[in-house]
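Peer 1: Below is one structure. I have some questions about it.
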Amino acid sequence: MRVFVLGGTGSIGSPIVRELVKRGHEVWALARSDVSAAKLVEAGAAPVAGDMALPGQWSAKLPVVDAVIHAACDFNSEMGAIDARLLGVLLPSLAAQPNRPRFIYTGGGWLFGATGDDIGTEERPFCPLPAFAWMVPQLTRILRAPEVDGIVIHPAMVYASEGGVFRRFARDAVERDAVRIVESAEVRWPLVHGEDLANLYVLALERAPARSSYIGTAIEGLAVSRIARAFAKRFGTRRIEPETISADAIAAELGGWARGYALDQRLSGAKAQRELGWMPKHLDPVSEIARLP
Ligand SMILES: NC(=O)c1ccc[n+]([C@@H]2O[C@H](COP(=O)([O-])OP(=O)(O)OC[C@H]3O[C@@H](n4cnc5c(N)ncnc54)[C@H](OP(=O)(O)O)[C@@H]3O)[C@@H](O)[C@H]2O)c1
């Protein structure tokens, strides 16, 4: 397939680009800087120069594609307006393409709110983190769009060995006396390794029916305190027990979106496994952390 990726240098998008290239798909990807363009070329994709906030400058220049994967986000206070403007320009320009493209939109586990001991599925009503409430009308728009065959993936917390949502733990473990966690040691995160998630996106591209949604979770819910302790042990941090900080403190440091770190969640990836044959391989992040070089 010929695929256009937005966010192809991010935690979610870069493994997707690598997986698409590995499977023989032809990939174009939006690049807002020369640095991002160079990373995309290195990964085997063709960069399309442009900023997602200014879609009018590049959307008419897109090559003919079979699919679009949108995993770009600026995490600033304008992110909802930027995304709405993007779809407002991109969807009509895709409608002018000769074939009706598939369009995979990235939602997120944080749209389902805290689940406590329940295990959330795609049927669970949305209860979004306020900073990401704008995503619900956006993904609804994609699922109903006449211009494309829309599919939504809701990734769990995406990690790589020391990257993605683990980057903060790894940094604290070497720079501080203790690794910080938010709100409580009991908070659980649903998790997925970036490579497994990339595999799910590509399966969805190839097999998912139009207007379908999938939660991308490999590990239903792991206590953040276990992740923090694993990093502290691996890096010889002075205190093994994590330091608990408030959601207000992390929001002041990173922005309101970071309140999501305090959500106690369990989410299920069973639908993707059942319907798409998704088989995540990374199921034991604590052992992976212990084996870090
Ligand atoms: N990571 C997670 O655990 C997770 C979980 C669930 C949902 N999500 C959602 O997934 C989406 C992507 O998250 P992420 O963690 O992959 O983010 P990320 O690592 O920060 O990557 C963001 C990507 O978007 C690109 N980008 C940002 N602003 C842009 C702009 N103005 N024009 C063009 N490209 C731009 C970045 O390109 P540059 O190379 O230029 O920086 C980068 O490729 C977000 O909507 C997020 O809410 C993430």
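Peer 1: When residues of segment 171-203 are filtered for being open to solvent by less than 10 Å² (accessible area, probe 1.4 Å), under 18 Å from F231 (Cβ atoms), within 16 Å of the ligand (Cβ to nearest atom) and of a type outside the set (V, I, T), how many remain?
Peer 2: 3
Peer 1: Sort out which residues of segment 107-118 are within 11 Å of the ligand (Cβ to nearest atom) and either in a loop (DSSP other than H, G, I, E, B) or open to solvent by 20 Å² or more (accessible area, probe 1.4 Å) (or both), and write them in order of number.
Peer 2: Correct list: G107, G108, W110.
Peer 1: Right, next: Could you list all residues from segment 94-106 that are more than 12 Å from the ligand (Cβ to nearest atom) and either farther than 19 Å from A60 by Cβ or in contact with a Ser or Thr (Cβ under 9 Å, 6 or more places away or on another chain) (or both)?
Peer 2: Once the filter is applied, which keeps residues that are more than 12 Å from the ligand (Cβ to nearest atom) and either farther than 19 Å from A60 by Cβ or in contact with a Ser or Thr (Cβ under 9 Å, 6 or more places away or on another chain) (or both), segment 94-106 yields L94, R102.
Peer 1: Is there a residue being in a helix (DSSP H, G or I), among the small types (G, A, S) and closer than 17 Å to L30 by Cβ anywhere in segment 121-131?
Peer 2: no
Peer 1: Pick from L20, L91: which is surrounded by 14 or more Cβ atoms within 10 Å (Cβ to Cβ), away from the ligand (no atom under 13 Å from the Cβ), of a type outside the set (S, T, N, Q) and closer than 28 Å to A131 by Cα?
Peer 2: Among L20, L91, only L91 is surrounded by 14 or more Cβ atoms within 10 Å (Cβ to Cβ), away from the ligand (no atom under 13 Å from the Cβ), of a type outside the set (S, T, N, Q) and closer than 28 Å to A131 by Cα.
Peer 1: Filter segment 66-88 down to residues that are touching a strand residue (DSSP E or B) at 6+ places or on another chain (Cβ under 6 Å) and not in a loop (DSSP other than H, G, I, E, B) and give me whichever is nearest to the ligand (Cβ to nearest atom).
Peer 2: This residue is H70.
Peer 1: Quick one: in segment 254-293, of everything that is in a loop (DSSP other than H, G, I, E, B) and open to solvent by 50 Å² or more (accessible area, probe 1.4 Å), which residue is modelled with the lowest pLDDT?
Peer 2: Here the residue is P293.
Peer 1: Out of all the residues in segment 23-35, which are within 11 Å of the ligand (Cβ to nearest atom) and over 13 Å from A71 (Cβ atoms)?
Peer 2: A31, R32, S33, D34, V35
Peer 1: Within segment 215-240, how many residues are under 12 Å from R176 (Cα atoms) and among the charged types (D, E, K, R)?
Peer 2: 2
Peer 1: If you check P15 against the conditions, is it within 10 Å of the ligand (Cβ to nearest atom) and either of a type outside the set (G, A, S) or open to solvent by less than 40 Å² (accessible area, probe 1.4 Å) (or both)?
Peer 2: yes
Peer 1: Within segment 48-71, take every residue that is closer than 23 Å to L203 by Cα and open to solvent by 20 Å² or more (accessible area, probe 1.4 Å) and give me the one that is nearest to the chain's Cα centre (by Cα).
Peer 2: Top of the filtered list is A71.
Peer 1: Same structure, new question: Against the conditions (1) more than 10 Å from the ligand (Cβ to nearest atom); (2) out of contact with any Leu (no Cβ under 9 Å at 6 or more places or on another chain), where does R167 fall short? Just the number, please.
Peer 2: (1)
Peer 1: Pull up segment 94-106, narrow it to residues that are surrounded by fewer than 16 Cβ atoms within 10 Å (Cβ to Cβ) and in contact (Cβ under 8 Å) with a residue 12 or more places away in the chain, then point me to the one that is farthest from M1 (Cα to Cα).
Peer 2: Going through the qualifying residues, I end up with A95.
The values are calculated or read from the model by the stated rules, or taken from the named source; none is laboratory data. These numbers come from a predicted model, not from an experiment. Every residue, glycine as well, gets a Cβ built from its backbone with ideal geometry; the counts of neighbours run over all protein chains shown. SASA here: full protein model, heavy atoms, side chains in, ligands and nucleic acids out. Shrake-Rupley method; radii C 1.70, N 1.55, O 1.52, S 1.80 Å.
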